[in-house]
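Worksheet: the structure to be examined is printed underneath.
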Amino acid sequence: MDSAFNICQLIENGGVFDNIEGSTPEEIYDAVSKIVPLPISLERTVFRNELVEREKILSTAVGNGIAIPHPRKPLIKNDEDQRIIVCYPKKPLSMGEPDERKVGTMFILLSKSNQVHIQALSAIAKLIHDKAFRDLLETRPDIKKLTSAIVNSGV
């Protein structure tokens, strides 16, 4: 399967959410856990708690105003339930980012296996390596604009 199609499908499964209230990762995860579509098999409190616990171990901020939160272990059982939830906090927040640029975009990754997890991380890394894509993220694109940019990127 083409990686651009894969990453777009994962984002379509998860959705794009703007103006998420919160000034800490925990507050953002609280807010996100209440509004995002999750598989029936995944309890919202488990989703939230796993993200918080992962963040306590090591920041998921990767620089350039971007973070890739994810649980330490797979929480998803089925291929069709895998997703990337893109969220834009209402105000950029500090997450121990390596370049001191506050986080304004989060790609929350939920996968069923380490293989899919690594493939998704790789695709996101390629995308955010591109300055034009990072510039697009600054505009807080909706799902249509975001997936269109991904397809056009050739990743």
Subject >> Breaking point among (1) assigned to a helix (DSSP H, G or I); (2) within 15 Å of the chain's Cα centre (by Cα), for residue 152 >> reply: (2)
Subject >> Single condition residue 108 does not satisfy, out of (1) closer than 30 Å to residue 40 by Cα; (2) open to solvent by 70 Å² or more (accessible area, probe 1.4 Å) >> reply: (2)
**OP:** Would you mention how many residues in the stretch 113-123 are farther than 12 Å from residue 6 by Cβ and surrounded by 17 or more Cβ atoms within 10 Å (Cβ to Cβ)?
**Re:** 1
Original post:
Can you tell me which residues in the stretch 130-153 are open to solvent by less than 70 Å² (accessible area, probe 1.4 Å), charged (D, E, K, R) and closer than 16 Å to residue 87 by Cβ?
Top reply: 140
Original post:
Is it true that some residue in the stretch 49-64 is open to solvent by 20 Å² or more (accessible area, probe 1.4 Å), among the polar types (S, T, N, Q), in contact with a helix residue (DSSP H, G or I) (Cβ under 6 Å, 6 or more places away or on another chain) and touching a residue at least 12 places away in the same chain (Cβ under 8 Å)?
Top reply: yes
Subject >> Residue in the stretch 71-80 that is touching a Ser or Thr at 6+ places or on another chain (Cβ under 8 Å), under 19 Å from residue 123 (Cα atoms) and either open to solvent by 10 Å² or more (accessible area, probe 1.4 Å) or outside any loop (DSSP other than H, G, I, E, B) (or both) present >> reply: yes
Original post:
Based on what the data block shows, is residue 127 surrounded by fewer than 17 Cβ atoms within 10 Å (Cβ to Cβ) and under 13 Å from residue 10 (Cβ atoms)?
Top reply: no
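So, of the residues in the stretch 81-105 that are in a loop (DSSP other than H, G, I, E, B) and of a type in the set (S, T, N, Q), which turns out to be most open to solvent (accessible area, probe 1.4 Å)? Talk me through it step by step, then tell me what you get.
Start the filter on the stretch 81-105 by keeping residues that are in a loop (DSSP other than H, G, I, E, B), which leaves 82, 90-92, 94-102, 104.
This time we only want the ones that are of a type in the set (S, T, N, Q), so: 82, 94.
Numbers: 82: 13, 94: 70 Å².
Out of the qualifying residues, it is 94.
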**OP:** Answer yes or no: is there a residue in the stretch 16-39 that is surrounded by fewer than 17 Cβ atoms within 10 Å (Cβ to Cβ), outside any loop (DSSP other than H, G, I, E, B), in contact (Cβ under 8 Å) with a residue 24 or more places away in the chain and in contact with a strand residue (DSSP E or B) (Cβ under 6 Å, 6 or more places away or on another chain).
**Re:** yes
Original post:
Is there any pair with a first residue in the stretch 119-148 that is of a type in the set (D, E, K, R) and modelled with pLDDT under 95 and a second that is loosely packed, with under 14 Cβ neighbours inside 10 Å and in a loop (DSSP other than H, G, I, E, B) whose Cβ atoms are under 8 Å apart and which are 6 or more apart or on different chains, and what are they?
Top reply: none
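The values are calculated or read from the model by the stated rules, or taken from the named source; none is laboratory data. Remember, it's a predicted structure, so these values are computed and weren't measured experimentally. Here the Cβ is made from the backbone with ideal geometry for all residues, glycine too, and neighbour counts use every protein chain on show. Note: accessible area is taken over every heavy atom of the protein model, side chains too, but ligands, DNA and RNA are not part of it. Shrake-Rupley method; radii C 1.70, N 1.55, O 1.52, S 1.80 Å.
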